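Read through the structure below, which is laid out as C-alpha coordinates, and then see the notes.
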Amino acid sequence: MDTVGYNPRAGNVVDVLHALGNCLTGTNEAWQTRFAHRIDNFADLFEDDSGAAWYRQVPLVIRGQAVPVAAAETTCPEDLFRLLAPQHRDLLLAESTEVRQLVPSDLPQVLCLDDWHHTTLRVRPPSPERERQRQLHESLTRHAPPHNRAPFEVRPSDIETYQQISEVLATANPSHYQPTRPGDKHWRNWPMSGAL
(Lines give C-alpha, C1' and ligand atoms only; values in the text may rest on other atoms or scores of the structure.)
Protein backbone atom coordinates (compact mmCIF):
# COMPACT_ATOMS: atom_id res chain seq x y z
CA MET A 1 0.00 0.00 0.00
CA ASP A 2 1.27 3.45 -0.94
CA THR A 3 0.11 6.42 1.18
CA VAL A 4 1.36 9.97 0.65
CA GLY A 5 0.75 12.86 3.02
CA TYR A 6 2.25 15.84 4.74
CA ASN A 7 3.77 14.89 8.07
CA PRO A 8 4.56 17.99 10.15
CA ARG A 9 6.56 15.93 12.65
CA ALA A 10 8.77 14.55 9.88
CA GLY A 11 8.93 17.98 8.28
CA ASN A 12 8.19 16.71 4.79
CA VAL A 13 5.71 15.10 2.45
CA VAL A 14 6.17 11.41 3.20
CA ASP A 15 5.30 8.41 1.08
CA VAL A 16 4.64 5.46 3.38
CA LEU A 17 4.93 2.08 1.69
CA HIS A 18 3.34 -0.88 3.48
CA ALA A 19 3.88 -4.45 2.35
CA LEU A 20 2.13 -7.47 3.83
CA GLY A 21 2.74 -11.02 2.74
CA ASN A 22 4.68 -14.25 3.08
CA CYS A 23 7.41 -13.49 0.51
CA LEU A 24 8.64 -9.97 1.26
CA THR A 25 12.09 -9.06 -0.03
CA GLY A 26 14.97 -9.03 2.46
CA THR A 27 13.05 -10.04 5.58
CA ASN A 28 11.45 -12.99 7.33
CA GLU A 29 8.70 -10.73 8.67
CA ALA A 30 5.15 -10.71 7.28
CA TRP A 31 4.89 -6.89 7.47
CA GLN A 32 7.33 -4.25 6.28
CA THR A 33 7.13 -0.45 6.09
CA ARG A 34 9.34 2.09 4.32
CA PHE A 35 9.21 5.88 4.51
CA ALA A 36 10.36 8.13 1.65
CA HIS A 37 10.56 11.92 1.93
CA ARG A 38 9.44 13.51 -1.33
CA ILE A 39 10.28 17.24 -1.08
CA ASP A 40 14.01 17.83 -1.62
CA ASN A 41 14.00 21.51 -0.62
CA PHE A 42 11.50 21.51 2.25
CA ALA A 43 13.70 23.81 4.41
CA ASP A 44 13.60 26.49 1.68
CA LEU A 45 9.81 26.63 1.37
CA PHE A 46 8.67 28.42 4.51
CA GLU A 47 9.79 31.23 6.75
CA ASP A 48 8.46 31.55 10.27
CA ASP A 49 7.03 34.84 11.45
CA SER A 50 5.74 34.70 15.03
CA GLY A 51 4.85 31.03 14.70
CA ALA A 52 3.06 31.35 11.33
CA ALA A 53 4.64 29.62 8.35
CA TRP A 54 4.74 31.82 5.23
CA TYR A 55 5.21 30.13 1.89
CA ARG A 56 8.16 31.75 0.09
CA GLN A 57 6.55 31.06 -3.30
CA VAL A 58 9.51 29.13 -4.65
CA PRO A 59 9.20 25.98 -6.77
CA LEU A 60 9.12 22.75 -4.81
CA VAL A 61 11.74 20.20 -5.78
CA ILE A 62 10.35 16.67 -5.89
CA ARG A 63 12.86 13.92 -6.70
CA GLY A 64 15.17 16.46 -8.34
CA GLN A 65 12.43 18.03 -10.47
CA ALA A 66 11.38 21.66 -9.86
CA VAL A 67 7.61 21.94 -9.62
CA PRO A 68 6.05 25.43 -9.62
CA VAL A 69 2.99 25.80 -7.40
CA ALA A 70 0.54 28.70 -7.69
CA ALA A 71 -0.23 29.46 -4.04
CA ALA A 72 -0.40 32.60 -1.90
CA GLU A 73 2.25 33.16 0.73
CA THR A 74 -0.43 32.68 3.40
CA THR A 75 -1.15 29.12 2.20
CA CYS A 76 -0.68 26.64 5.05
CA PRO A 77 1.59 23.62 4.44
CA GLU A 78 -1.31 21.12 4.35
CA ASP A 79 -3.09 23.07 1.60
CA LEU A 80 0.12 23.74 -0.32
CA PHE A 81 1.00 20.07 -0.51
CA ARG A 82 -2.55 19.07 -1.43
CA LEU A 83 -2.13 21.20 -4.55
CA LEU A 84 0.56 18.78 -5.73
CA ALA A 85 -1.55 15.65 -5.97
CA PRO A 86 -3.69 16.39 -9.05
CA GLN A 87 -0.79 17.22 -11.40
CA HIS A 88 2.22 15.58 -9.77
CA ARG A 89 0.93 12.42 -8.13
CA ASP A 90 3.36 10.25 -10.13
CA LEU A 91 6.27 12.11 -8.53
CA LEU A 92 4.77 11.60 -5.08
CA LEU A 93 3.79 7.92 -5.29
CA ALA A 94 6.29 5.08 -5.24
CA GLU A 95 7.99 4.04 -8.43
CA SER A 96 8.15 0.39 -9.44
CA THR A 97 11.77 0.13 -8.25
CA GLU A 98 10.74 1.30 -4.76
CA VAL A 99 7.88 -1.19 -4.60
CA ARG A 100 10.20 -3.97 -5.76
CA GLN A 101 12.48 -3.28 -2.79
CA LEU A 102 9.65 -4.72 -0.70
CA VAL A 103 8.13 -7.42 -2.93
CA PRO A 104 9.86 -9.90 -5.26
CA SER A 105 10.31 -8.79 -8.87
CA ASP A 106 8.70 -12.00 -10.18
CA LEU A 107 5.49 -11.46 -8.17
CA PRO A 108 2.88 -10.19 -10.68
CA GLN A 109 0.65 -7.24 -9.90
CA VAL A 110 -2.94 -8.41 -10.16
CA LEU A 111 -4.86 -5.30 -9.15
CA CYS A 112 -4.02 -1.70 -8.27
CA LEU A 113 -6.67 0.53 -6.71
CA ASP A 114 -6.33 4.27 -6.32
CA ASP A 115 -9.86 4.68 -4.99
CA TRP A 116 -12.53 2.38 -3.60
CA HIS A 117 -15.61 2.52 -1.42
CA HIS A 118 -14.87 1.90 2.22
CA THR A 119 -17.66 1.18 4.66
CA THR A 120 -16.86 1.78 8.31
CA LEU A 121 -16.47 -1.47 10.21
CA ARG A 122 -18.54 -1.99 13.34
CA VAL A 123 -17.44 -5.14 15.09
CA ARG A 124 -17.18 -5.80 18.82
CA PRO A 125 -16.27 -8.94 20.76
CA PRO A 126 -19.22 -11.27 21.38
CA SER A 127 -20.89 -11.29 24.78
CA PRO A 128 -24.34 -12.17 26.19
CA GLU A 129 -25.18 -8.44 26.40
CA ARG A 130 -23.98 -7.88 22.84
CA GLU A 131 -26.18 -10.74 21.60
CA ARG A 132 -29.18 -9.26 23.42
CA GLN A 133 -28.50 -5.87 21.78
CA ARG A 134 -28.25 -7.53 18.35
CA GLN A 135 -31.60 -9.32 18.79
CA LEU A 136 -33.25 -6.10 19.96
CA HIS A 137 -31.79 -4.21 17.00
CA GLU A 138 -33.11 -6.82 14.56
CA SER A 139 -36.60 -6.78 16.05
CA LEU A 140 -36.75 -2.95 15.97
CA THR A 141 -35.52 -2.65 12.37
CA ARG A 142 -37.26 -5.71 10.87
CA HIS A 143 -40.14 -3.70 9.39
CA ALA A 144 -38.17 -0.60 8.40
CA PRO A 145 -37.78 0.10 4.66
CA PRO A 146 -34.50 -1.36 3.32
CA HIS A 147 -32.92 2.06 2.72
CA ASN A 148 -33.49 2.96 6.41
CA ARG A 149 -32.01 -0.23 7.84
CA ALA A 150 -28.56 0.06 9.39
CA PRO A 151 -26.76 -3.21 10.08
CA PHE A 152 -25.95 -4.00 13.69
CA GLU A 153 -22.42 -5.02 12.77
CA VAL A 154 -20.36 -4.55 9.64
CA ARG A 155 -17.51 -6.97 9.04
CA PRO A 156 -15.07 -6.96 6.10
CA SER A 157 -16.88 -10.00 4.69
CA ASP A 158 -20.08 -7.91 4.54
CA ILE A 159 -18.51 -5.22 2.33
CA GLU A 160 -18.68 -5.47 -1.46
CA THR A 161 -15.20 -4.02 -1.94
CA TYR A 162 -13.53 -6.68 0.18
CA GLN A 163 -15.67 -9.48 -1.20
CA GLN A 164 -14.54 -8.58 -4.73
CA ILE A 165 -10.89 -8.07 -3.79
CA SER A 166 -10.83 -11.50 -2.14
CA GLU A 167 -12.27 -13.01 -5.32
CA VAL A 168 -9.56 -11.29 -7.39
CA LEU A 169 -6.86 -12.63 -5.08
CA ALA A 170 -8.30 -16.14 -5.07
CA THR A 171 -8.52 -16.31 -8.87
CA ALA A 172 -5.77 -13.86 -9.98
CA ASN A 173 -8.43 -12.40 -12.26
CA PRO A 174 -8.88 -8.60 -11.91
CA SER A 175 -12.19 -8.69 -13.81
CA HIS A 176 -13.86 -9.85 -10.58
CA TYR A 177 -13.49 -6.32 -9.25
CA GLN A 178 -16.67 -4.59 -10.50
CA PRO A 179 -17.65 -2.01 -7.85
CA THR A 180 -21.22 -0.71 -7.81
CA ARG A 181 -20.55 2.16 -5.37
CA PRO A 182 -18.34 5.18 -6.08
CA GLY A 183 -15.00 5.47 -4.34
CA ASP A 184 -14.73 7.64 -1.25
CA LYS A 185 -11.00 7.61 -0.50
CA HIS A 186 -10.18 11.05 -1.96
CA TRP A 187 -8.76 13.44 0.67
CA ARG A 188 -11.71 15.80 0.12
CA ASN A 189 -13.81 13.20 1.96
CA TRP A 190 -11.51 13.55 4.99
CA PRO A 191 -11.31 17.34 5.60
CA MET A 192 -9.35 17.01 8.84
CA SER A 193 -6.58 14.91 7.29
CA GLY A 194 -3.21 16.53 7.80
CA ALA A 195 -4.36 18.46 10.86
CA LEU A 196 -2.42 16.89 13.72
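The values are calculated or read from the model by the stated rules, or taken from the named source; none is laboratory data. None of the values given here were measured: they were computed from a predicted structure. Here the Cβ positions follow ideal geometry from the backbone for every residue, glycine too, while neighbour counts run over all protein chains shown.
Look at T25 and say whether it is among the hydroxyl-bearing types (S, T, Y) and touching a Pro at 6+ places or on another chain (Cβ under 9 Å).
Values: among the hydroxyl-bearing types (S, T, Y): yes; touching a Pro at 6+ places or on another chain (Cβ under 9 Å): yes.
Judged against the criteria, T25 is a match.
Just one of (1) surrounded by fewer than 11 Cβ atoms within 10 Å (Cβ to Cβ); (2) farther than 30 Å from D158 by Cα; (3) aromatic (F, W, Y) fails for W31. It is (2).
Can you name every residue in region 34-66 that is part of a strand (DSSP E or B) and loosely packed, with under 11 Cβ neighbours inside 10 Å? Matches in region 34-66: D48, D49, A52.
Scanning region 6-48 for residues that are in contact (Cβ under 8 Å) with a residue 60 or more places away in the chain and either of a type in the set (D, E, K, R) or touching a Lys or Arg at 6+ places or on another chain (Cβ under 9 Å) (or both) yields a count of 8. Hey, could you check region 81-131 for residues that are β-branched (V, I, T), surrounded by 10 or more Cβ atoms within 10 Å (Cβ to Cβ) and in a loop (DSSP other than H, G, I, E, B) and say which is modelled with the highest pLDDT? Residue satisfying both the conditions and the ranking: V110. All told, V168 falls short of being in a loop (DSSP other than H, G, I, E, B) and either at pLDDT below 90 or farther than 30 Å from V61 by Cα (or both).
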